[in-house]
Amino acid sequence: MGIVVFMDSPKTLLEAIQYFSDEQVCINTVAEMRWADGKPKCPDCWTKEPYYIKTQKRWKCRECRRQFSVKVGTIFEDSPISLTKWLPALWLLSNCKNGISSYEIARDLGVTQKTGWFMLQRLRLVLKEINMGTKFGSNDGGEVEVDEAFIGGKLKNMHRKRANALNKVKMGAGYATSVKHENKTAVVGILDRESRRVRAQVIPDVKRETLQTQILDNVKFGSSVYTDQAVAYDTLHRRYIHETVNHVETYVRGRVHTNGLENFWSLLKRNLAGTYVAVEPFHLDRYLDEQMFRFNNRATKDNPLNDSDRFMLALSQVANRRLTYAELTGKVGERAAF
Ligand SMILES: [Zn+2]
């Protein structure tokens, strides 16, 4: 079935909605992407080539006789929502540059807004990058940008004057402890100039120890690291070629700048301010995963990915990822309706 699936696989959103309106097509596509060799296996005993019971759209294991659907062991497990809704939702989330809200999902797919919200939360987990083990930069001066951002609060309404004043305080010696970003969540971003990939995650504070741990964990010794002039970065020169950017005066000094990350932050803030009504700090990591997926898999000269490629990549990540209703809401014992 594999080759047929890929031959007429959709290229646009309109084609995707049409194509995935057939549940059997959805099942075939998910099966193709979730099992490493594209062939169904029993989730209990791993026996291959189970019988397919067409009327029930389920497989039956030849060995242990267990019956299972394509959703078992994936993010879709236990969901009563049909794959004919899940797959277009994943298409939208992996490809909409400015994000997609639960209201849009509700309207486009005919579910409630609440269901749309839960679907998106699960799908954001699918977009999370797995291979976080490799470090950015290189031992011979590979270029890496590091910058922090503060998300939430009333940032988007903040008057320019006050924003400038904050920036100036940030330059001062006591930055890490004296500036209070109330109601805001700190995020650190690291960008590898060579691969053009970003890693961003929520951090508890912007103290020296916190930021340096992030850099040591993610950047190879000997890399060129570009940051702003916050004191939290003042000991980086021990392991890195450290150069700083003065945001107020010379915005760009040759190759020393953090404009790649600025671009990532502005996309993130636009999405959070526009598409997403309110984001609790608790959920921010998931929005970062979503933003990173689209940013790190955007089309470039060397890597001309299209919407279909991004969707298939996302779909290849649905197995072994679970997000229960209790984990999402803290309400234990309630049954998910999404
Ligand atoms: Zn079995």
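Read the figures in this text as sums done on the coordinates, not as results from a lab. Computed from a predicted model, the values in this text were never measured in an experiment. Cβ coordinates were reconstructed from backbone atoms using ideal geometry, including for glycine residues, and neighbour counts include every protein chain displayed.
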Taking amide H atoms as placed 1.01 Å from N in the peptide plane, list the residues 5 or more away in sequence, or in a different chain, whose amide H sits under 5 Å from that of Glu143.
Arg193, Glu194, Ser224
Beyond 27 Å between alpha-carbons counts as too far, so tell me which of Lys39/Lys135; Lys71/Lys114; Lys39/Lys97; Lys39/Lys128 fall in that bin.
Lys39/Lys135; Lys39/Lys97
Here the stretch 226-231 yields Karplus 3J(HN,Hα) values (6.51, -1.76, 1.60; θ = phi - 60°; whole Hz; Gly and Pro given as x) of 9, 9, 7, 9, 4, 5
If amide H atoms are modeled at 1.01 Å from N in the peptide plane, then the residues at a separation of 5 or more from Ile203, or on another chain, having amide H under 5 Å from its own are Ala186, Val187, Val188
Cut-off under 5 Å, modelled amide H: who pairs with Thr47 long-range:
Cys42
Please give me, ordered by residue number, the GluC sites (Glu not before Pro) of the stretch 1-107 that lie in loop per DSSP and have at most 12 other Cβ atoms within 10 Å.
Glu63
Going highest first, how would you order 35-46, 81-92, 185-196 by mean Cβ packing within 10 Å?
81-92, 185-196, 35-46
Backbone HN-Hα couplings from phi across the stretch 206-215 [Karplus 6.51/-1.76/1.60, Hz, Gly and Pro as x]
10, 6, 3, 4, 5, 5, 5, 4, 4, 5
If R₀ is 41 angstrom, what is the calculated FRET efficiency for the pair Thr112 and Asp302, using the beta carbon separation as r and rounding to 0.05?
0.45
Asp78 versus Leu13: modelled label distance in nm, points set 7 Å from Cα along the beta carbon direction
3.1
